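Asker: Here it is: the structure, laid out below.
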Amino acid sequence: MKITTTKHPSAKGEITWYELTNAQGASVVLSTMGAGIVEVRVPDRDGKIENVALSYAEAADYIADGPCLGKCPGRYANRIANGHLVVDGKEYKLSINNGPNALHGGPEGFQNQNWDAEELEDGVRFTYHAKDGEEQYPGNLTLTATYRWSDANVLSLDFHAESDAATVVNLTNHAYWNLEGADAGKIYEHEMKIKASKWLPTDETQIPTGEFADVAGSPMDFRESKKIGADIHKETDALKIGKGYDHCWAIDGWEPGKMMADAVELYSEKTGRRLLVSSDQPGVQIYTGNWLAGSPENRSGRSYEDYEGVAIEMQGFPDAPNKPEFPSQLLKAGESYDRKIVFAFDAR
């Protein structure tokens, strides 16, 4: 594995990008800003290598961007209702940054921090130390996000976290994918399959109601491969609330610690590229880039428009700390949080 680095100035200090190139010439670029994925360059069915992860032109543009492009949000990815959190009987009022709710750990979160980094033989390990009270969350939390890139074009991401006090943790990666190319336009023609027969309905502020609804007969049914654009603008309350897909699915057969192989499949008939996402997380938030317009410029000198990428966020359920019926995201002192996400790319 060949690893090269570039340095980029920013208001939050020097950002380092790590480019990992495998034996095939396929590569990924990772960033200390938010432990982020900047690029993933993989071949199509004809062998043409192209970036398939939405990317900005400048490293500093990733700071405080609305889409959270490619980064690892936290301490709690997704939403917590009204910023209301109770841990060990003590109430905490989190920062409100998404309507009436807390989103992705708050305005700064982990995604807007410049993480420490260590090169590995086949990857990079990013480390961040979150202080007790940071974004109003309890506990001094130390976490690592370890990426590895293989000659088979598999990008793995392992999260590990420990806290000196009880807290909540929900970590994911927020990369946006377009298998036709990072500047190819809307992803309506992409075909997607999700191993989920249930999804989580929400209220009008996108907080889950606590129900598990059947996908059958609804636009949420991706049990068989279906074009993303087929139902995305259907006149349903759920799709109106998010202006498209911005919902969580419950992965069929999930058990704590169990890797769910190929939980989500994304495919482009145009290029033949395919992405298979596996994880030991109970849910996946699918977000079709409904609010990408106005983001920082990409390498083509333009901002992305809505629906030009899809985020596949393997994670714990939104608002789980307030929903005892959901799998717990509580991390106690002395215990460890360990989760894995695997992005496998091929072409056919």
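Asker: Please give the charge dipole size of region 1-76, origin at the Cα centre, charges +1 on K and R Cβ atoms and -1 on D and E Cβ atoms. Round to the nearest 20 debye.
Answerer: Values: 8 positive and 9 negative charges, 50 e Å.
With Lys and Arg at +1 and Asp and Glu at -1, about 240 debye.
Asker: Ignoring ligands, DNA and RNA, please state the percent of accessible area on region 7-156 from carbon and sulfur, probe 1.4 Å.
Answerer: Working: 2530 of 5550 Å².
Accessible surface attributable to carbon and sulfur in region 7-156 totals 45 percent.
Asker: I would also like to ask the following. Given 0.36 nm per residue, what is the gain on full extension from Y188 to R299 after removing their alpha carbon distance, in nm?
Answerer: Working: separation 111, 0.36 × 111 = 39.96 nm, distance 2.19 nm.
So the extension gain works out to 37.8 nm.
Asker: From the residues A53, M33, G89, which one has its Cα farthest along the dipole of region 1-139 in the positive direction, the dipole being from +1 and -1 charges on Cβ of Lys/Arg and Asp/Glu about the Cα centre?
Answerer: Among A53, M33, G89, the one farthest towards the positive end of the dipole of region 1-139 is G89.
Asker: Still on this structure, please answer the following. Would you work out which of N98, V124, L20 lies farthest towards the positive end of the dipole of region 1-130? Charges go on Cβ: Lys and Arg +1, Asp and Glu -1.
Answerer: Selected residue: N98.
Asker: Could you state how much accessible area E255 has, in square angstrom rounded to the nearest 10, with a 1.4 Å probe and all protein chains kept in place?
Answerer: Looks like 100 Å² after rounding.
Asker: May I ask you to list the lysines whose Cα is less than 21 Å away from that of K195, ignoring any residue fewer than eight positions away on the same chain?
Answerer: Within reach: K226, K227, K258, K340.
Asker: Which residue, chosen from T271, L292, Q281, occupies the Cα position most advanced towards the positive end of the dipole of region 243-348, where the dipole is computed from +1 (Lys, Arg) and -1 (Asp, Glu) charges on Cβ about the Cα centre?
Answerer: T271
Asker: What is the distance in Å between the Cα centres of region 247-262 and region 217-231?
Answerer: For region 247-262 versus region 217-231, the Cα centre distance is 18 Å.
Asker: Checking the a/c ratio against 1.5 first, then a/b against b/c, what shape does the Cα gyration tensor give for region 190-250?
Answerer: It comes out oblate by the Cα gyration axes.
Asker: Among S197, S163, S218, which one shows the biggest mean-square fluctuation in a GNM of the chain, springs joining Cα atoms closer than 10 Å?
Answerer: Sorting by GNM fluctuation, first place goes to S218.
Asker: Taking the Cα centre of region 107-202 as origin, work out the dipole magnitude from +1 charges on Lys and Arg Cβ and -1 charges on Asp and Glu Cβ, in debye rounded to 20.
Answerer: Working: 7 positive and 17 negative charges, 117 e Å.
The dipole of region 107-202 has a size of about 560 debye.
Asker: Can you work out the Karplus-derived ³J(HN,Hα) for every residue in region 54-63? Use 6.51 cos²θ - 1.76 cosθ + 1.60 with θ = phi - 60°, whole Hz, and x for glycine or proline.
Answerer: 4, 9, 8, 6, 10, 4, 5, 5, 6, 6
Asker: Give the ranking of Y304, Y128 by solvent-accessible surface, highest area first, calculated with a 1.4 Å probe. Mind dumping the intermediate values first?
Answerer: Details: Y304 5, Y128 30 Å².
Largest to smallest exposure gives the sequence Y128, Y304.
Asker: Follow-up question, since we're still on this one. Shape of region 94-231 from its Cα gyration tensor (a ≥ b ≥ c, root eigenvalues): rounded if a/c is under 1.5, otherwise prolate when a/b > b/c, or oblate?
Answerer: Numbers: a/c = 2.12, a/b = 1.25, b/c = 1.69.
It is oblate, given that a/c is not under 1.5 and a/b is not larger than b/c.
Asker: Classify region 157-283 from the C-alpha gyration tensor, please: rounded if a/c falls under 1.5, else prolate or oblate depending on whether a/b exceeds b/c. It would help to have the intermediate numbers written out before the result.
Answerer: On the way: a/c = 1.68, a/b = 1.24, b/c = 1.36.
Because a/c hits 1.5 or more and a/b fails to exceed b/c, region 157-283 counts as oblate.
Asker: Tell me, what is the 1.4 Å probe accessible area of K234, in Å² to the nearest 10?
Answerer: Its accessible surface works out to 100 Å², give or take rounding.
Asker: Let's see if you can work this out: charge +1 on each Lys and Arg Cβ, -1 on each Asp and Glu Cβ, no other charges. What is the dipole magnitude of region 290-348 about its Cα centre, in debye to the nearest 20?
Answerer: Values: 7 positive and 10 negative charges, 40 e Å.
The calculated dipole for region 290-348 is roughly 200 debye.
The values are calculated or read from the model by the stated rules, or taken from the named source; none is laboratory data. Nothing here was measured: the structure is a model prediction, and the numbers come from that model. Virtual Cβ from ideal backbone geometry, glycine too; neighbours counted across all protein chains shown. All accessible areas refer to the heavy atoms of the entire protein, side chains included, with ligands and DNA or RNA removed. Shrake-Rupley method; radii C 1.70, N 1.55, O 1.52, S 1.80 Å.
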